[in-house]
């Protein structure tokens, strides 16, 4: 069973608008959540994280929201830029470590 | 180099053959992780090393898969009697020990079993 799910395989947004990527999880033991960005032929690159003791973490254009009761997190990118076009993976771990459970990814396309 | 290096970048092998995939972590990173990413899916955890020892190998799919890190730096993932279902991108990551430490991924080795 998939413990971390990204239900939208792809998302297309216009440059300058907001991109919202969603992620759901089922394992209540997860207490640390991360978003990774991946370009073709490269490894995933860490983007932003959030601990379960918080409900929001912001870093520049990127904000992650965590709703523990709904077991849902989202990544907001605003304003979106064409260079943001990539596959975004949501990941979670039970102990703030790097033994991560990943979602299936969402391909974001930002149109100029 | 400054980042995690994986060799080879691509490997094509025949079904039934043995393969070794190498990972050079970032210098000073004591934690090392192997993941496998099949087409259209997210990376799946395989094994985690703390120094020289495998702290958690619960993600290895079966006994054809084995990994070593004899000196606590370079790691080798070994796959015996390869099967077509082993075709995937194998990713290595390293980090400092402890909580909330960022894991840095290599570019991966694309393994194709024909």
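A few remarks follow.
- Evaluation of residue A:46 against (1) within 26 Å of residue B:4 (Cα to Cα); (2) surrounded by fewer than 17 Cβ atoms within 10 Å (Cβ to Cβ) (one fails), failing number: (2)
- Matching residues, region B:73-114, being under 17 Å from residue B:47 (Cα atoms), part of a strand (DSSP E or B) and more than 13 Å from chain A (Cβ to nearest Cβ): B:75, B:76, B:77, B:78, B:79, B:88
- Within region A:7-48, being touching a helix residue (DSSP H, G or I) at 6+ places or on another chain (Cβ under 9 Å) and under 24 Å from residue B:38 (Cα atoms) holds for one residue alone: A:37.
- Any hit, region A:55-63, residues being modelled with pLDDT of 95 or more, buried (at least 21 other Cβ atoms within 10 Å of the Cβ) and closer than 23 Å to residue A:9 by Cβ: no
- Test: residue in region A:85-101 that is more than 20 Å from residue B:45 (Cα to Cα) and within 14 Å of another protein chain (Cβ to nearest Cβ): yes
- One residue alone among B:26, B:47, B:79 is touching a helix residue (DSSP H, G or I) at 6+ places or on another chain (Cβ under 7 Å) and modelled with pLDDT of 95 or more, and that residue is B:79.
- Residue in region B:55-69 that is within 28 Å of residue A:107 (Cα to Cα), over 11 Å from the mean Cα position of the chain (by Cα) and in a strand (DSSP E or B) present: no
- Any hit, region A:20-32, residues being in contact (Cβ under 8 Å) with a residue 24 or more places away in the chain, closer than 21 Å to residue B:103 by Cα and within 9 Å of chain B (Cβ to nearest Cβ): yes
- Residues in region A:76-99 include at least one that is farther than 26 Å from residue B:94 by Cα and surrounded by 21 or more Cβ atoms within 10 Å (Cβ to Cβ).
- Of the set (1) under 20 Å from residue A:9 (Cβ atoms); (2) at pLDDT 95 or above, all apply to residue A:40 but (2).
- Answer from B:40, B:53 - the residue that is at positive phi and surrounded by fewer than 17 Cβ atoms within 10 Å (Cβ to Cβ): B:40
- Residues being in a strand (DSSP E or B) and away from chain B (no Cβ under 11 Å) - total across region A:38-71: 10
- Scanning region B:39-54 for residues that are away from chain A (no Cβ under 14 Å) and part of a loop (DSSP other than H, G, I, E, B), we see that the one that is nearest to residue A:89 (Cα to Cα) is B:51.
- Subset of region A:1-19 (residues that are more than 10 Å from chain B (Cβ to nearest Cβ), touching a residue at least 60 places away in the same chain (Cβ under 8 Å), over 30 Å from residue B:25 (Cα atoms) and not in a strand (DSSP E or B)): A:8, A:15, A:16, A:17, A:18
The values are calculated or read from the model by the stated rules, or taken from the named source; none is laboratory data. What you see is a predicted model, and the numbers here were worked out from it, not measured in a lab. Heads up, the Cβs are rebuilt from the backbone with ideal geometry, glycines too, and the neighbour counts pull from every protein chain shown.
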